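So the structure is just underneath, and the comments pick up after that.
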Amino acid sequence: MVLESDPITFLQWFNAAWPSWLLLLGGLVLVATVGGFLLLAVRDGPAAAGDRVYSLVVGTVVDLVRMSPRRVWAMARLAMLESLRGWILIGFAIFGVVLLFAVFFVDSSSVNPGGLYIKFVYFWSMLLVLVMALLISAFSLPNDLKHRTIYTVVTKPVRASEIVLGRMLGFSLLGTAALVVMAGVGYLFVVRSVNHTHELTAADLVESTDLLSPTGSEMPAGARQGRTSRVQNHRHRVTIDADGVGRTEVAQGHWHEVSTVERDGQTFYVVGPPRGQFHARVPIYGQLHFKDRAGADVRKGLNVGNIWTYRSYVEGGTLAAAVWRFEGLRPEAFPDGLPVEMTLRVFRTRRGEEGRGILGSLVLRNPRTGVATAPRNFVAREFYVDQQVFPRQLSDPSGKPLDLFADLVHNGTLEIQLQCLPRAQFFGVARGDLYLLPREASFDVNFAKGFVGIWLQMLLVVAVGVMWSTFLNGPVALLATLFTIVTGFSLEFIQKLASGEIQRGGTFESMVRIFNQKSEAMDLDDGLATRVITVADTGIQWFLGHLSQMLPDLISLVDVDYLAYGFDIPPDRLWIHALGTLGYLVPVFLIGLVMFKTREVAR
Amino acid sequence: MNRRSFIRKVVYLVAIAALLAPMSMLSQPATVATSSAPASPGGKLAQLRDQYQLGQANLGEVDPTSETLKLMTLGLRGFVGAVLWHKADEYKERADWLGLSAVLEQITHLYPNYVGVWIYQSHNLSYNVSAEWDDFRDKYYWVIRGIQFLQKGGSYNENEPRLLTQVGFFAGNKIGHSDDRNLFRKLFREDDDFHKAQPFQQRDNFLYSKQYHLMSQRLVDNKGVSPGMGAVLFHIQPVMSQVNYSAALENDGTFGPGARDAWRTAAAEWRDFSRREFPDRVGGVIRLGDLALLESRLEETRQQLDQLEPGLRQRLIDARRDELPEEQRRALDTPAELRSSEQDRLADTAEQRLGIPDAEVAAQIADPQAREQADELVARIANFRQAIFEVRMNREIVNFDYWLDRVEMEALPETIEARRLIYEARRAYYEEADLLRPRERFEQAFALWRQLVDKYPRMKDDITAQDMLEVIREYEQILKQLDEPFPQDFILADLLELRVNPF
């Protein structure tokens, strides 16, 4: 999986986040108070303005302090009952139809159909839940105001804060229920869709002529090879040993075990269910640095001309290497040896031998003593996850025995060095391309964790929708919430626009270029018009920069890649998501409350 | 207030009713005849759709998924398409094949009848994505995915020869001519899932390519649709597929009747191609095989012109010669091999001035009746010249003369024998590390090749000669290993002149 930035722990994030959050919240309160006072002062004079702002602030604080959970729950129940018969059922109906016809939309011959189905279910669940949240939250209060049913509520002894929070809570609970159902149905859909087996008969097998089995070990004597039947747009090559037991090669991201049964004096081959289709790897990532062709340490490897510079390349046939340094390794975490997984890119400057892959080697090294194992050679297969397990007992190049933890790990630290062996060929790697795999977590739990991100998105949308609806009418609140969602999903793009990272990305400059059909490669003509455009774009960039600080970061809550590519979502990431969302919900609730209190109906 | 509101609503209703009439005329659907009502051609849009064969059912397979997705975009198909296209590029750049395949699926559902989408993205799969993978089996998988992508596009666009042509091109070019061609051709033959019930013997990528080029050709010939490229280049493709198939057979070690028949078929198809009619640029029709005929007719017509007033052309030449400057006349009188470079230039200028145009000859004919006849002949001469120009130009485009000779030569038993000897020599050299047997085989092959290039001199200076140079280089390596000098009187010494870099 691509790791474009280093994963951070919850504590690292929290220590950096809380001061900014407090600052922003304080700034927001200050701006709202001073701004409100100034506006009212212009209209009603400073004394009246001071009086009203004071009442509002005090009233809000009192509302917050005296909020009753019982009344909030009553409001939440009311919100749920109001909305239950509307959009929720339509949402379920659409989800059902989408799953029924999914086979038409999903490319089942993909290299990883399991991942594709996960992405499909995730996308549709997210879309429908967010649209439901948008519709129920944006229209509820305005409808109550329009139909005057709000008066039956506000005439009861209930506080504005309880009305606003009750709405948010009620809609969120409805959304949660909908999401739980969608996640459950989606899980069954994904697992059932990719579940299959193949047929294999004796006629499909011939005596093996290969030297190596599909797993890379030496081919056992009497082994036979062949191909399974074609099911779900794929088939597997299979190797069976003399005892009739074997396994298939990996195709479409999974493999099968093969066994033999005797019935009526005949041998039948039984191909088991798909294995390795769904993972929840819990990797340990190391810090990556490189060695240049002379063996000197460097921060980055070579660039072979790719536009995407995520990976650096290691030159073959030289001292160049990629070195990962792992820390915090404990023997009890690796009782059966050290499983290393890697996914490499290969870059050739010459064809090499026809049909042969590029040879690489791995060496484990003690970072303090320099003691290293004998190189373990392997043939790189690009884009496939290759697992190499190093046993606890190893040997150095001279054959001297080494113990993994006693001789190679120093204070929990170990280095793994990767080299490309043939001259003029290259391996491309990034930090996340080689990791240790002490264990795998449950895929089922990970699937549920993946939906936590959607749940948090739904909470944000509900809160923002209710907030906008406290002072805007239904359609406008809907548009405002939609704007918040769209910008929240485009936050990265907006931040790039604001920082100028996107070249020629100015709003007016883009407009001019479109109308004049001028490509990005050409400069605009010098002159007053261009200067005006530049100044206007700088203003817009300033605005976007500040806007992006206030938008909910919805896109960072999308964790589907972890699920689709088979990695466990780190608990720290979930905590960061959760607290980050809470940090956004608090000011949104406060704004909603204040705005609602300014309305006549709530006084 | 209420009254104004009422009037406004009435105005809206009237406007809606008024707009319904033209809308109905425009968009009324066509209907078929029933027992109670006659058939109706429908509104203007339905008629235009029918006229230009733009109805979904006319274009190809109707895809409900596609229609659903188009509807779901709520009129934002262009925007969604642009976003997906951008995503596809991003996924390719980041080598995210899972994302790429998903996005391509969606794009094609959105634009099932945009042929450019199918062609661009299939090329992306077969050429760009496959090149990203290191293992030849993975590369092959993506090449085939590109071909299948095109075939799927073809099912939605049944009247579109470009998609069929591209399948033919990918199967021939990517599988048959890439660096991994030997492995690809083997995998292609063994690909039961792709070929399904097709017999193993017919699973040749070049034959497959030819089959698709022929399907495309039939579509163009029978339905009159545009091939989407120059006519000559379009119609040469099935013939070249046969040529490539024949060459590939020998490359794989198939000689004897199999290779001979394949080359004979290629020769016959080249002859057919030379008789195929192509439109020229002035509204006429040409055949590439008619060059000699056209040249002889031109010459014949010019003679007829000269016969109308015998000696006239010579008199005109003589008169113009008298007008030439002295140094040009002297240059002309000097034998070509004795001219200085300055005299060469002067003689060229003089010869150009002495070339009397046929129209000028016709204009100088004294007899008015003969002059009228001459004008007709001049017009015919101009037509012949134009046709010859067109034929020559198109023959050059497809390297006509070379291939005509080549297919004829390759079908000869001597050529097949020479190629067999070369194949055996190479196998013995590369696979058995033998030196003596390959040398003997090479020398036998060179002797046969001598006879062939003497008979077909065009083979001395084209790709065939370049291929033979590679063979000679291998022969020289063997001699070096045997510590023997390269023969001074080497039988194909004239071919060595083509070498850019000496061994």
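The values are calculated or read from the model by the stated rules, or taken from the named source; none is laboratory data. Bear in mind that the values here come from a model prediction, so they are computed numbers and not experimental data. No Cβ is skipped: glycine too gets one built from the backbone with ideal geometry, and neighbour counts run over all protein chains shown.
Quick look at the numbers
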quantity	calculated
Subset tally (residues that are out of contact with any Asp or Glu (no Cβ under 7 Å at 6 or more places or on another chain), exposed (fewer than 15 other Cβ atoms within 10 Å of the Cβ) and either aromatic (F, W, Y) or within 14 Å of another protein chain (Cβ to nearest Cβ) (or both)) for region A:349-378	6
Among (1) modelled with pLDDT of 90 or more; (2) under 30 Å from A:P142 (Cα atoms); (3) hydrophobic (A, V, I, L, M, F, W, C) - the single one A:L574 does not satisfy	(2)
Residues within region A:273-300 that are more than 28 Å from A:F334 (Cβ to Cβ) and of a type outside the set (A, V, I, L, M, F, W, C), tallied	6
Spans of helices (runs of 4 or more DSSP H) in region A:85-160 with at least 1 residues over 28 Å from A:R230 (Cα atoms), within 13 Å of chain B (Cβ to nearest Cβ) and touching a residue at least 60 places away in the same chain (Cβ under 8 Å)	A:113-146
Selection count, region A:276-296, where residues are in contact with a Lys or Arg (Cβ under 8 Å, 6 or more places away or on another chain) and either within 30 Å of A:H254 (Cβ to Cβ) or outside any strand (DSSP E or B) (or both)	4
Among the residues listed as B:D367, B:D375, B:D358, the single one being farther than 18 Å from B:L293 by Cα, crowded, with 18+ Cβ neighbours inside 10 Å and among the acidic types (D, E)	B:D358
Considering residues of region A:379-397 that are more than 14 Å from every other protein chain (Cβ to nearest Cβ) and among the hydrophobic types (A, V, I, L, M, F, W, C) only, the residue surrounded by the fewest Cβ atoms within 10 Å (Cβ to Cβ)	A:V389
Selection from region A:468-483 of residues that are outside any helix (DSSP H, G or I) and not β-branched (V, I, T)	A:F471, A:L472, A:N473
Yes/no for B:R189 being farther than 20 Å from B:M229 by Cα, within 14 Å of chain A (Cβ to nearest Cβ) and not aromatic (F, W, Y)	no
Residue ranges of helices (runs of 4 or more DSSP H) in region A:488-603 with at least 3 members under 28 Å from the mean Cα position of the chain (by Cα)	A:491-499, A:528-550, A:560-564, A:571-598
Residue check, A:V61 within 14 Å of chain B (Cβ to nearest Cβ), out of contact with any Phe, Trp or Tyr (no Cβ under 8 Å at 6 or more places or on another chain) and surrounded by fewer than 17 Cβ atoms within 10 Å (Cβ to Cβ)	no
Meets criteria (in contact with a His (Cβ under 9 Å, 6 or more places away or on another chain), within 22 Å of B:N251 (Cβ to Cβ) and free of Cβ contacts under 8 Å to residues at least 24 places away in the same chain) for B:Q198	no
Failed item, numbered, when B:Y208 is tested on (1) among the hydroxyl-bearing types (S, T, Y); (2) farther than 30 Å from B:N394 by Cβ; (3) crowded, with 18+ Cβ neighbours inside 10 Å	(2)
Members of region A:206-234 found to be assigned to a strand (DSSP E or B) and at pLDDT below 85, listed by number	A:V206, A:E207, A:L212, A:E218
Selection count, region A:259-308, where residues are of a type in the set (G, A, S) and without any contact (Cβ under 8 Å) to a residue 24 or more places away in the chain	4
Scan of region A:299-326 for residues that are of a type outside the set (G, A, S), in contact with a strand residue (DSSP E or B) (Cβ under 8 Å, 6 or more places away or on another chain), more than 14 Å from chain B (Cβ to nearest Cβ) and surrounded by 14 or more Cβ atoms within 10 Å (Cβ to Cβ), ordered by number	A:L302, A:V314, A:E315, A:V323, A:W324, A:R325, A:F326
One residue from A:A49, A:A74 being of a type in the set (G, A, S), away from chain B (no Cβ under 11 Å) and either within 30 Å of B:M72 (Cβ to Cβ) or over 37 Å from the mean Cα position of the chain (by Cα) (or both)	A:A49
